[in-house]
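Below is one structure, written out as structure tokens, with a few remarks after it.
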Amino acid sequence: MIEEFKADAAERMDKALDALAATLGRLRTGRAHPSILDGILVEYYGSATPLRQVANVVAADARMLTITPYDKGAVRDIERAIINSDLGLNPASAGEVIRVPMPPLTEETRKALIRQARQEAEHTRVSIRNIRRDVLADIRELTKAKEISEDDERRAQEDVQRITDRHIARVDQILAEKEKDLMEI
């Protein structure tokens, strides 16, 4: 029973880390990377469709993304979606291909992006702590119901804390990598 709780906690914390990595992947670093456009939805035949389902996105070089729509009629819709996103990108279409140059980041923009990354990391830490709290409450319920001993409860709490510490350290590592990436010129 306790092992199931610990496995569940680790799995939920892993999902929180995955969500953080996905969120930080969408932060613009000045270098072209297709994941920057992952959150963009294109109005395609009346429904909001993720850009990746409408077009192929490739990093042509360090400062340019190239978008090739699967349907040539979607070029205008894709351009409009990129312009309306809050990424500050200006796409330029060359017939069937859309080129998205990545403007260099200013020092002020870099600091704002780092603040945003730190905020996301803190949200993830809070989420991980909430998962820990929930699991510890479930373990306490088992002790109250006399299904496990107090020694088992104490050991389980220590194990859950180790799992939590490991995931928090991973959050810090992911954040440090992103900050380093953002400060690179």
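The values are calculated or read from the model by the stated rules, or taken from the named source; none is laboratory data. Keep in mind it's a predicted model, so treat the numbers as computed, not measured. Positions of Cβ are backbone-derived with ideal geometry, glycine not excepted, and every protein chain shown enters the neighbour counts.
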**Fill in**
Scanning the stretch 68-95 residue by residue, the ones that are of a type in the set (A, V, I, L, M) and within 26 Å of Ala112 (Cβ to Cβ) total 6
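Residue by residue, here is whether (1) hydrophobic (A, V, I, L, M, F, W, C); (2) modelled with pLDDT of 90 or more; (3) exposed (fewer than 12 other Cβ atoms within 10 Å of the Cβ) holds:
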residue: Ile148; (1), (2), (3): yes, no, no
residue: Arg154; (1), (2), (3): no, yes, no
residue: Asp159; (1), (2), (3): no, yes, no
residue: Thr164; (1), (2), (3): no, yes, no
residue: Arg170; (1), (2), (3): no, yes, no
residue: Gln173; (1), (2), (3): no, yes, yes
residue: Glu177; (1), (2), (3): no, yes, no
residue: Leu182; (1), (2), (3): yes, no, no
residue: Ile185; (1), (2), (3): yes, no, yes
**Prompt:** Only one residue in Arg80, Arg52, Arg76, Arg31 is among the charged types (D, E, K, R), free of Cβ contacts under 8 Å to residues at least 40 places away in the same chain and closer than 27 Å to Ile174 by Cα. Which one?
**Reply:** Arg52
**Prompt:** When residues of the stretch 1-25 are filtered for being exposed (fewer than 15 other Cβ atoms within 10 Å of the Cβ) and closer than 26 Å to Gln119 by Cβ, how many remain?
**Reply:** 6
**Prompt:** Just for the stretch 102-142: of the residues that are buried (at least 20 other Cβ atoms within 10 Å of the Cβ) and closer than 18 Å to Ala10 by Cβ, which one is modelled with the lowest pLDDT?
**Reply:** Ile139
**Asked** Can you pull out the helices (runs of 4 or more DSSP H) entirely within the stretch 1-87 that have at least 1 residues that are among the basic types (Lys, Arg) and under 30 Å from Ala137 (Cβ atoms)?
**Response** 2-25
**Complete:** Over the stretch 17-68, the set of residues touching a helix residue (DSSP H, G or I) at 6+ places or on another chain (Cβ under 7 Å) and hydroxyl-bearing (Ser, Thr, Tyr) is Thr23, Thr29, Ser35, Tyr44
**Ala19 hydrophobic (A, V, I, L, M, F, W, C) and within 25 Å of Val126 (Cα to Cα)** = yes
**Request:** Return yes when Glu153 is out of contact with any helix residue (DSSP H, G or I) (no Cβ under 6 Å at 6 or more places or on another chain), in a helix (DSSP H, G or I) and farther than 23 Å from Ala22 by Cβ and no when it is not.
**Result:** no
**Message:** I'd like to check something: does the stretch 88-104 contain any residue that is part of a helix (DSSP H, G or I) and more than 25 Å from the chain's Cα centre (by Cα)?
**Reply:** no
**Request:** Residue by residue through the stretch 38-49, note down the ones that are surrounded by 15 or more Cβ atoms within 10 Å (Cβ to Cβ) and within 15 Å of Tyr70 (Cβ to Cβ).
**Result:** Val42, Tyr44, Thr49
